[in-house]
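Data block below; observations after.
The values are calculated or read from the model by the stated rules, or taken from the named source; none is laboratory data. Given the structure is predicted, the values throughout are model-derived calculations rather than measurements. We place every Cβ from the backbone using ideal geometry, glycine too, and count neighbours over all the protein chains shown. Heavy atoms of the whole protein, side chains included, go into the accessibility calculation; ligands, DNA and RNA do not. Shrake-Rupley method; radii C 1.70, N 1.55, O 1.52, S 1.80 Å.
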Amino acid sequence: MRTNYCGEIKATHIDETVTLYGWVDRRRDHGGVIFIDLRDRTGTVQIVSDPQRTPESYGDANFLRNEYVIEVIGRVSKRPEESLNPKIATGEVEIYADRIKLLNKVSKQQLPFQVCTEEYETVGETLRLKYRYLDLRRDRMNKNLQLRHQVVKAMRRYLEDTENFIEIETPILTRSTPEGARDYLVPSRVNPGSWYALPQSPQLFKQLLMVSGFDRYYQIARCFRDEDLRADRQPEFTQLDMEMSFMSEEEILQLNEGLVCQIFKTVKNIDIPRPFPRITYAEAMEKYGTDRPDTRFGLELVDVSEIVKDCGFKVFSGAIKNGGIVKVLPIPNGNETIPNVWIKPKGELFKEATAAGAKGIAYLRVKENNQIETIGAIKDNLSPEQMQELIEKTGAKPGYLLLFGAGDIPTVNKSLDRLRQVIGDRLGLIDKNKINLIWVTEFPMFEWNADEKRYEALHHPFTAPNPEDLADLKTARALAYDLVYNGVEIGGGSLRIYQRDIQEKVFETIGLSMEEAKKQFGFLLEAFEYGTPPHGGIAYGLDRMVMLIAGEESIREVMAFPKTQQATSLLTDAPAQVDEKQLKELYVASTYDPDAE
C-alpha cells in the first residue's frame, strides 16, 4: 500500500520506511550507484540503489528506463550536503530502495518526445495533442491542471461554505433555441424526427431554479457551441454558472468580487484590492474602443469629431457627415519610438489597422513649440486654430504622435483598439505581472444586425432592461455587467426578466413572433405566472480564467483533452464516421458529398 506521494517526502520523514509508486523520470548511473528520479503528480523524489547498501534492488534498478512504472519500498535518508537540491521540494532527502518492483515498462523503442522534468523538450502542439497522455505527465501541464483543480476548489468552498449556495445539475440533452451560436444537435431514436441540442449554457434552467425557490444556485457546467474556434474558444468548454434571487445588482457584484478575491488569495496568495473599478459600456467604448478594455496602461482614445467636422480634409469631414466619427490615439514619446515606416502602407501598424477594417492611418507629430509635422493633406486642410484645439483636446505635448481613425463608429473603435494594444505591447507599456480587474456595466440591450435587418440581444434576450428605459426597448440600457481581466472578459451576467409582459416585449423587439416565442419558450413564459422572484446571475469562463492565471496564451493549455482549431481530437480521431446501421436507427441520412467541395 502506498504510504506517501513522491512530492510529499520531506526531512520530517527521515528514517521512515515508505512505499511509493510512479514513473521513472530519469535514471543515472554514477560509478555503480544508480540514481532514479521517481515522479508522480505531486513531484519527484530521488531514489538510490547501491550494490553494497541495497543489493536486493540493484539488479532491478539497473534494468529501468524512462517512463517505466514502478513500486519502490525504501528508507528515507538525508542527502549529503554536496548533493542538496533546493530547486525541488524533496531536495533535502533521498530514498535508499530496499525493493523495486517493475509494474509496467515502455514497449516502444522510443518515446514520441521527452517527458523528463530535467530534459525539457519543445514539442509541436500537434504531437502533444496526439500523445496527450504523455504530455499531461510533463511538468507544465501537470501544474496547469493542478491549478485548475485549485481554482475550482476555491470556487466551491467560497460559494458553499461562505455564501450558502447549493450545486444543482441541469440537463445536457435539451432543446434548440434560435438565439446565440450554432447548437450541437443530437437525434432522438425514440422520438423519430426530433432532435435534442447540447446546452450553450444552463440559462433557462437556472432561471427555472429561481422560480423553484433555490435562491442561490451554482454549477460547474459543461457547455457546447458549434462555432469557429480561436485560441480562447473550444467546441466544449466549462463555466462556473451562478444564479441568485432577491439580490440587487450591487449585491451581486460585491458577492462576486469576494469570490474572485478568494480565488486569487487561495491559488496565488495575491490580495486583490476591492472594490473593483467600474466603467460603463459607453465610457469603455469612448476611451478604449472596446467593451473589454485592458486598463494596465494608458493611451486612451479622444473623440475629436467636433473639431474636424468642418475641416477641409475630406477623410475627416466626410466620415462625420456620413454618421461616422474621428478619434485620436495620442502616444507620448511617439516621435522617438514609432517611425514613419511602421505607419506607412506595408508597415506593421498599417497592417494592423487595415486588418481591423480601416483604410489606412492618418497621423500628426507634435514638435517643439507645438509645431506639427505630417505627410499628406491633413496639415494643409486644418486651420491653425483647429490644430491648437487638437493639441489641447488630446493633451498632446512636444514629442507626441497622434494617430487618427476616421469612418464608421465600429471600424474606428475596432482599429484604434487594435493599434492601442499592439503599441502598448510593442513599447513595453504593459506590466505583465499586473492584475487589473474591472466591471463594465450598462450595456445596450440590443444591437442592430444589418444582415438580418433586425435587432438582436447583445447578451441574451432574458436580460432585464433598465427600468428607466422601458419606454423604448430598442435604445434601452441593460442591467448587465461583465468582469474584464487585463483586457479579457472572464465573466458576464445580468439581472433577469421575471415578468411575462416584459419578456414578451423583448421577444417582439428581436423579431420573434408570439407564436414562435410560445413554441420555443412557452414553458418559461408560463413559469413567470407562478410567482417568479427577481433574480440575476453570472457565468465565468473557467478555462479562460485558469488560462490567464496560469499565464498561458491558449485555453488548450489548461484543458486535459482539448480539440484543435478544426474541432477535432488528434488523440481519439473524433469526430468520425459511424455505421450506417446507427444512422438508420436514428432516421438520419448524410447529404455530405466530398466531391462537391
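Pairing residues of region 7-32 that are more than 15 Å from Val48 (Cβ to Cβ) with residues that are small (Gly, Ala, Ser), at Cβ distances under 6 Å and at least 6 apart in sequence or on separate chains, gives Gly7/Gly43; Gly7/Ala89. Scanning region 42-60 for residues that are buried (at least 17 other Cβ atoms within 10 Å of the Cβ) and in a loop (DSSP other than H, G, I, E, B) gives Thr42, Thr54. Restricting region 119-162 to residues that are in a loop (DSSP other than H, G, I, E, B) and open to solvent by 40 Å² or more (accessible area, probe 1.4 Å) leaves a set whose member that is farthest from Met545 (Cα to Cα) is Glu119.
The rows are residues; the columns are (1) closer than 18 Å to Arg477 by Cβ; (2) among the β-branched types (Val, Ile, Thr); (3) touching a strand residue (DSSP E or B) at 6+ places or on another chain (Cβ under 9 Å).
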| position | (1), (2), (3) |
| --- | --- |
| Leu495 | yes, no, yes |
| Val506 | yes, yes, yes |
| Gly511 | no, no, yes |
| Met514 | no, no, no |
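If the condition is being part of a loop (DSSP other than H, G, I, E, B), open to solvent by 40 Å² or more (accessible area, probe 1.4 Å) and more than 30 Å from Tyr131 (Cβ to Cβ), then region 61-118 contributes Pro80, Leu84, Pro86, Glu92. Selection of first residues in region 570-597 that are open to solvent by less than 100 Å² (accessible area, probe 1.4 Å) and of second residues that are of a type outside the set (A, V, I, L, M), restricted to Cβ pairs under 6 Å at least 6 apart or on distinct chains, gives the following pairs, ordered by first then second residue: Leu570/Lys130; Leu571/Arg132; Glu585/Arg189; Leu586/Pro187; Leu586/Arg189; Val588/Pro187. Scanning region 222-259 for residues that are under 17 Å from Tyr158 (Cβ atoms), over 15 Å from the mean Cα position of the chain (by Cα) and either of a type in the set (A, V, I, L, M, F, W, C) or open to solvent by 30 Å² or more (accessible area, probe 1.4 Å) (or both) yields a total of 9. Given the condition farther than 30 Å from Phe462 by Cα, surrounded by fewer than 18 Cβ atoms within 10 Å (Cβ to Cβ) and β-branched (Val, Ile, Thr), answer yes or no: does some residue in region 417-429 qualify? Taking every residue of region 417-429 in turn, at least one turns out to be farther than 30 Å from Phe462 by Cα, surrounded by fewer than 18 Cβ atoms within 10 Å (Cβ to Cβ) and β-branched (Val, Ile, Thr).
The set of residues in region 270-282 that are open to solvent by less than 40 Å² (accessible area, probe 1.4 Å), assigned to a loop (DSSP other than H, G, I, E, B) and within 15 Å of Gly487 (Cβ to Cβ) contains only Phe276. Is there a residue in region 375-389 that is of a type in the set (Ser, Thr, Tyr) and surrounded by fewer than 18 Cβ atoms within 10 Å (Cβ to Cβ)? The answer is yes, given that some residue of region 375-389 is of a type in the set (Ser, Thr, Tyr) and surrounded by fewer than 18 Cβ atoms within 10 Å (Cβ to Cβ). Please find, within region 283-316, the residue that is most open to solvent (accessible area, probe 1.4 Å) out of those that are of a type in the set (A, V, I, L, M) and over 21 Å from Leu429 (Cα atoms). Per the criteria, the residue is Val315.
Matching residues to (1) of a type outside the set (Ser, Thr, Tyr); (2) assigned to a helix (DSSP H, G or I):
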residue	(1), (2)
Pro533	yes, no
Ala539	yes, no
Asp543	yes, yes
Arg556	yes, yes
Thr564	no, no
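Considering only residues that are open to solvent by less than 70 Å² (accessible area, probe 1.4 Å) and assigned to a strand (DSSP E or B), which ones fall in region 355-374? Across region 355-374, the qualifying residues are Ala362, Tyr363, Leu364, Arg365, Val366, Ile372. Looking at region 196-221, which of its residues are crowded, with 16+ Cβ neighbours inside 10 Å and assigned to a strand (DSSP E or B)? Hits for region 196-221 are Tyr196, Ala197, Arg216, Tyr217, Tyr218, Gln219, Ala221. Criterion first (among the acidic types (Asp, Glu), modelled with pLDDT of 95 or more and out of contact with any helix residue (DSSP H, G or I) (no Cβ under 9 Å at 6 or more places or on another chain)) does Glu283 satisfy it? So Glu283 passes the test. Note on region 455-508: residues that are open to solvent by 50 Å² or more (accessible area, probe 1.4 Å) and of a type in the set (Ser, Thr, Tyr) total 3. Restricting region 437-454 to residues that are outside any loop (DSSP other than H, G, I, E, B) and open to solvent by 20 Å² or more (accessible area, probe 1.4 Å) leaves a set whose member that is farthest from Lys287 (Cα to Cα) is Arg454. Taking the criterion of being in contact (Cβ under 8 Å) with a residue 40 or more places away in the chain and of a type in the set (Lys, Arg), the only residue of region 478-502 that qualifies is Arg496.
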